[in-house]
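To start, the structure itself, in structure tokens.
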Amino acid sequence: MQHPQSTQSRATNSARDYRNVTLKQILVVEDERPIREMVVFGLRRAGFQVREAADALAARAAVANNRPDLLIVDWMLPDTSGLELTRQLKRDRETSDLPIIMLTARSEEADKVAGLDGGADDYLTKPFSPRELVSRINAVLRRGAPVAAATNIEFDGLALDRASQRVTAGEHAVPLGPTEYRLLVFLMTHAERVYSREQLLDRIWGGNVYIEERTIDVHIRRLRKALQEFGYDRFIQTVRGSGYRFSTRAA
């Protein structure tokens, strides 16, 4: 990590490149003060509003008091791990859609997989530059923002109207149960991304109830069966060893 003063010109260029970002507020959760100050300095120079937390307890309080647009969470925190904090936030219905970027010195593939499976939207290994962090933030926000705001979503004739909670295939209504509907909404609004069973359970049911991961398979089968009549079951794809995704491309 470089000292904030040595990164001033780089951060200034980052601010110039990203002056049009729409993100308003970021919460940085990092217990090492020099690193936290460097991150906060770079993000503020890039035009973001930034708040700080030194541990998971302070982070949960900060989120409850004033929900940020995105969290940057260090893996190693003094009271609980950043991974556990991420899991807690993703299991809570109020914060399950909160974007999280995890920072860590761990560079092994297994650690990255654990972080992403735990609910992190992205994973950045130390050391990193402020410019790279800003780019990652913008990438995470672009993935979610357009579809999250959309009321009507359509892929090759399969249409979802979130206002009326109707799914249609051309002129025909697709009959879905409430769980299959929620599952389809999530998959269509996160098209092309692979989600594990654990992640789908957290996003669809939340963390307040205990449900076997294989329950997801049952609802996936029901969803495919409902779509099969109209030829859209192929959009619900199994990714061996990883989970499921919604995609109009060939599996």
Among the chymotrypsin sites (Phe, Trp or Tyr not before Pro) in the range 165-251, which ones are in a DSSP loop with at most 11 other Cβ atoms within 10 Å of the Cβ? Mind listing them?
210
What are the GluC sites (Glu not before Pro) within the range 62-128 that DSSP puts in a loop, where the Cβ has at most 13 other Cβ atoms within 10 Å?
94, 108
Once amide H atoms are placed 1.01 Å from N in the peptide plane, what residues at a sequence separation of 5 or more from residue 174, or on another chain, have their amide H within under 5 Å of its amide H?
167, 168, 169
Order of 122, 156 from fewest to most other C-beta atoms within 10 Å?
156, 122
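Every read-out reported here was derived from the displayed coordinates using simple, explicitly stated rules and does not represent laboratory data. Nothing here was measured: the structure is a model prediction, and the numbers come from that model. Note: ideal-geometry Cβ built from the backbone for every residue, glycine included; neighbour counts use all protein chains shown.
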